[in-house]
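See below for the structure under consideration.
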Amino acid sequence: MVAGIAHELNTPIGNSLTVASTMQEQAAEFAERATKGLTRSGLDNYVESSKQGTEILMHSLGRAASLVASFKQVAVDQTSENRRVFDFERNGRQHPHESRANAAQVPAQPSM
C-alpha cells in the first residue's frame with residue numbers, strides 16, 4: 001500500500017516541481033529583461049503565466065496534501081477497529097491541470 005501511495009503522490013509533487021522550476025526560470029529571465037526595459041505586453045504575459053503556474057501549484061500541492069491526509073487516516077484506522085477503505089480510483093483521479101503535458105504548457109519565456 002505504501003508503494004501505491006508513493007506512486008499517487010509522485011504525480012502532483014512532480015507536477016509542482018516542474019511548474020515551480022519553470023516559474024523560477026521565468027522570474028530570472030523577467031528580472032534580466034526588466035533591466036533593459038519592459039513592454040506592457042511583456043509584463044502582461046509574465047503576470048498571466050505566473051497566475052497559471054500558481055493555479056497549477058496550488059491544485060497539485062493541495063492534491064498531495066489530501067492524499068497524505070487520507071493515507072494518515074488509513075494508518076490511524078489500521079490501529080483501531082474502524083477500518084477504512086482507501087479508494088485509489090477516487091483519490092488517484094487527476095485534475096486536468098495535473099498532467100505533465102499541461103504543466104509544460106506554462107510558457108517557458110515571457111515575451112517582451
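Nothing in this text is a laboratory measurement; each read-out follows from the coordinates by a stated rule. These numbers come from a predicted model, not from an experiment. Cβ sites come from the backbone with ideal geometry, for glycine too, and all protein chains shown count toward neighbours.
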- Item | Pairwise FRET efficiency - Lys51 versus Leu17, Cβ, R0 = 22 Å, nearest 0.05 | 0.70
- Message: Report the gain in length on full extension from Lys36 to Ser66: 0.36 nm times residue separation, minus Cα-Cα distance, nm rounded to one decimal.
- Response: 6.5 nm
- Message: Once R0 is set to 25 Å, what does the formula 1/(1 + (r/R0)^6) return for the Cβ-Cβ distance between Val2 and Ser80, expressed as a FRET efficiency to the nearest 0.05?
- Response: 0.85
